[in-house]
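**Student:** What follows is a single structure, and I will ask about it in a moment.
The values are calculated or read from the model by the stated rules, or taken from the named source; none is laboratory data. Values in this document were obtained by computation on a predicted structure and should not be read as measured data. Cβ placement follows ideal geometry from the backbone for every residue including glycine, while neighbour counts extend to all protein chains displayed.
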């Protein structure tokens, strides 16, 4: 059964041992040692990237257009707040919005926009983690991601970060990124806004 939880499982391990602002996600969004960010996670999913960024001091707005995933996020937020302590403080830096990011982003003033394209084109045949597979089944095909990226590039003030598998082909019909942050399995394509 799919569940969003910020109080158990791999997210807590990542919180404790994730190398803080030295991890690739933090570098990609531009979180230097003394710089906090206002970040929009335009494709929230189960909210784990947003939670890590909020744990590092960012204020993160999560936008999710799937009613089922949005409800799971609401439940995860409620559980985390009841859990208390550091988890509750982190969730206090997160804001959840239901809707389509393409329509919502023009009404916000995002400093940084993070987009996870759901890893559409996989070169490996190994199955993805069970949770992510279930999210894909609920959300369906992410066929309008290029439109979302176009909107993000128009309205972000500082940068747009696109999360991809490390060896994924460059996204078609999207301008070349400014630079990349490469991990073992994940690549962040960073588009700096002039």
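**Student:** What do you reckon, is residue 163 at pLDDT 80 or above, touching a strand residue (DSSP E or B) at 6+ places or on another chain (Cβ under 9 Å) and surrounded by 15 or more Cβ atoms within 10 Å (Cβ to Cβ)?
**Tutor:** The answer is yes for residue 163.
**Student:** So residue 51 ticks every box in (1) surrounded by fewer than 17 Cβ atoms within 10 Å (Cβ to Cβ); (2) in contact with a helix residue (DSSP H, G or I) (Cβ under 9 Å, 6 or more places away or on another chain) but one. Which box is left unticked?
**Tutor:** (1)
**Student:** Quick one: count up the residues across segment 159-178 that are in contact with a helix residue (DSSP H, G or I) (Cβ under 9 Å, 6 or more places away or on another chain) and under 23 Å from residue 109 (Cα atoms).
**Tutor:** 7
**Student:** Does segment 117-135 contain at least one residue that is in a helix (DSSP H, G or I), in contact with a helix residue (DSSP H, G or I) (Cβ under 8 Å, 6 or more places away or on another chain) and either closer than 28 Å to residue 3 by Cα or modelled with pLDDT under 90 (or both)?
**Tutor:** yes
**Student:** Show the residue pairs meeting these rules: Cβ distance below 7 Å; 6+ apart or different chains; first residue within segment 55-74 and farther than 16 Å from residue 6 by Cβ; second residue assigned to a helix (DSSP H, G or I).
**Tutor:** 63/101; 63/104; 66/138; 66/139; 68/138
**Student:** Within segment 86-94, identify whether any single residue is under 20 Å from residue 160 (Cα atoms), crowded, with 17+ Cβ neighbours inside 10 Å, modelled with pLDDT under 95 and touching a helix residue (DSSP H, G or I) at 6+ places or on another chain (Cβ under 8 Å), and answer yes or no.
**Tutor:** So far as segment 86-94 goes, no, none of its residues is under 20 Å from residue 160 (Cα atoms), crowded, with 17+ Cβ neighbours inside 10 Å, modelled with pLDDT under 95 and touching a helix residue (DSSP H, G or I) at 6+ places or on another chain (Cβ under 8 Å).
**Student:** Identify all residues within segment 22-41 that are assigned to a helix (DSSP H, G or I) and surrounded by fewer than 15 Cβ atoms within 10 Å (Cβ to Cβ); write none if there are none.
**Tutor:** 22
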